[in-house]
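What follows is one structure encoded as structure tokens, with my remarks underneath.
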């Protein structure tokens, strides 16, 4: 007993000793961190090559989804001359991302950062951008507002619903039950736009097709996504698609149950060789190469950058073997119209699924129309509710 | 709403009911194994909060071994083995003087999850062979019934384990020793039992079951390894033990109830009942709270709780 007590006292002593040392180091490092950023990043700019670029992902970069799409883009620019990249994955949308950004700037000398998750923007990027004026912050999400946000910030996004429209055409041509399923995370405008474009694409070639939507409530919920996929398949749905961070579980479930699937974010064909029709993919390699080119040339870059199929921001996965020639023809025709810039997905008269007219006859809302970014309805043919 | 379901031969209400039965079976298995494991550990008078870490570690190990050896059952064994090691670590640490088992449990939870993420990085890409399932729906012509009754072999094993744990705890000498150590350490010491050793073994057994529960997540449902695989199932299962009042059969019922309630949200949306899906998605938690409130009682609140089990010692 006595021995145990003596041991406990000495342990308490050590912990205290270690505690004070750790605190002292923490203060020292914090002071150093506070003092050094200015001169250090200056040095990085002065000795121009190589350009160090930091990529920050919210999840694992091999998730067959959102993060993998960005990591593939990063891998493309890593091969460019004079560019060095730094990556960190699994960084939550909290003050943790501020720490990651600061360590990339202070320790790695990064002068360009790509914090890729939507939720990194406000307040994290805005705070760091005000603190590090000579670092460029490029965010994925299209949230930049001129005059309101710091000038060293840019935001980009792609009209991926164009690729979803084309995938919808393939789905509408391939379904036998005329029932499509869409597993979505949250009812926010970008997600609703994908659901609606997919449905409009499918119904443009197959007016009998409907899309049943299940909202899981969050971006990454593997058990709920598998459950949603199974319930939809039980209801006779024979083509599934999704808007969640990692489509892997849904694509694998569809393949196992023997139905067709169209992918999202990245190419998931390897996961479903029998049922993968096509998919809507990002093409960030092109966007990042453009940005790096402008920055290396010292040219001003656009603070708000958007594009679709035509601009090469998004692409459609190669068609699977089971896609019929007729389906390919219709999908290719729509793709060609997008490439010409002649395609308008949202034009009146358009009704939502409660029968209300949301776009009046004769009105055309082009991709850049700001009204589309406030979308809060599901079009006719979608089974589901936004709230 | 709700009229646009059509076809399939089964009405919307039956579809939801079937979805919930199928969901109860699919979702409950990891809860069942972890709660049975925790039940054994807590009966010996110790709390292991680290089972969330064990679950994730088990899921990773099972996936890795199944991928490398193409034998999912070896994966299940490997998962159990990881659980035994983590349980032994917990049991050994807790036997040191002045060590709090809750604090050790939280540390091991973070350790297990972190280690599994670290070692599991190369396993996110590949696809591992799955555990087989048994079709109990062969008698039905309806595809929905058949898919709802695709019962995994591990679920059947879980039912057997429930009965076995109940039998061992109630009817055998080992069970009596575990319960004695959990009820009164002094009495057990007086009878000459090594309390630390009994608790170590009980924690290792609990860890084994929790690891096996993890293998179900990666090898059957949802059936792949990624870092978001367990959304707190291990922690929730530990809470279910208290809810089930340390009784293996009630652990089974609680797991089934929790699984069925988790399936409610997706099942309703798939037949077109879509209003208030946030509320339906929260159903398992609301239900758990409601049952705890309804069954609470001033004088029987701690019935079944091992007397040595105090959160702060």
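Some notes on this structure:
- The three principal axes of the Cα atoms in region B:55-117 give end-to-end lengths of 45, 19, 11 Å, sorted in falling order.
- Percentage, to the nearest whole number, of Cα pairs in chain A over 25 Å apart: 59
- Efficiency of FRET from Cβ geometry, residue B:279 and residue A:373, R₀ 35 Å, rounded to 0.05: 0.80
- Relative contact order for chain B, counting Cα pairs under 8 Å that sit 6 or more residues apart, in percent: 36
- Secondary-structure-derived ellipticity at 222 nm for chain A, considering helices only, amounts to -13000 deg cm²/dmol, per-run term -39500 (n - 2.57) for DSSP H runs with n ≥ 4.
- Principal axis box of region B:1-158, alpha-carbon based, largest edge first, Å: 65, 35, 30
- With q set to 0.20, 0.22, 0.23 Å⁻¹, the log10 of I(q)/I(0) for region A:137-188, from the Debye formula over equal scatterers at the Cα positions, is -0.82, -0.90, -0.93.
- Volume per residue of the convex hull around the Cα atoms, evaluated for the protein assembly as shown, comes out as 184 Å³.
- For the peptide B:260-267, the mean number of other protein chain Cβ atoms found within 10 angstrom of a residue's Cβ is 5.
- Once both labels are positioned 7 Å from their Cα atoms along Cα-to-Cβ, the gap between residue B:253 and residue B:153 label points is 3.1 nm.
- Global dimensions of region A:237-387 from alpha-carbon coordinates: Rg and Dmax equal 18.2, 53 Å.
- Shown here are the Rg and Dmax of the Cα trace of region A:173-294, at 14.7, 51 Å.
- The spread of Cα positions in region A:34-158, taken along each principal axis and listed from longest to shortest, comes to 39, 35, 25 Å.
- Taking B:138, A:284, B:225, B:73 and counting other C-beta atoms within 10 Å, the order from fewest to most: B:138, B:73, A:284, B:225
- Whole-number percent relative contact order across region B:177-233, with pairs defined as alpha carbons under 8 Å at least 6 apart: 20
- Cβ-Cβ FRET estimate between residue A:176 and residue A:336, R0 fixed at 35 Å, reported to 0.05: 0.80
- Relative contact order of chain A, taken over Cα pairs closer than 8 Å and 6 or more residues apart, is 16 percent.
- Stretch gain in nm, segment residue B:118-residue B:69, where the contour uses 0.36 nm per residue and the Cα spacing is subtracted: 15.6 nm
- Estimated FRET transfer efficiency (residue A:145, residue A:94; beta-carbon r; R0 25 Å; 0.05): 0.60
- Taking all pairs of distinct alpha-carbon atoms in region B:30-247, Kirkwood radius in angstrom: 17.6
- Test item: A:209-221 mean partner chain Cβ contacts at 10 Å: 4
- Spin-label model, residue B:295/residue B:194: points 7 Å from Cα along the beta carbon direction are separated by 3.7 nm.
- Rg in Å to one decimal, and Dmax rounded to a whole Å, for region B:94-142 via C-alpha atoms: 20.5, 62
- Shown here is the pair-distance distribution of region A:52-107: with all Cα-Cα distances grouped in 5 Å bins from zero up to the longest one, the shares run 5, 19, 28, 22, 19, 6, 1 percent.
- Cβ neighbours within 10 Å from other chains - mean over B:215-227: 5
- Semi-axis lengths, Å, region A:128-217, gyration tensor of Cα atoms, sqrt of 5 times eigenvalues: 38, 13, 9
- Approximating the spin labels as points 7 Å out from Cα along Cα→Cβ, the residue A:78-to-residue B:100 distance works out to 4.3 nm.
- Order of A:160, A:259 under a 10 Å beta carbon neighbour criterion, fewest first: A:259, A:160
- All-pairs alpha carbon distance profile, region A:295-373, 10 Å steps from 0, percent: 14, 31, 31, 18, 5, 0
- Taking N as its residue count, the alpha carbon Rg of region A:323-362 over 2.2 N^0.38 Å: 1.56
- Least to most buried among A:304, B:131, B:268 (fewest other Cβ within 10 Å first): A:304, B:131, B:268
Since every read-out is calculated from the coordinates, none of them should be taken as a lab result. Computed from a predicted model, the values in this text were never measured in an experiment. A quick note on method: Cβ atoms are made from the backbone with ideal geometry, for glycine too, and the neighbour counts reach across all protein chains shown.
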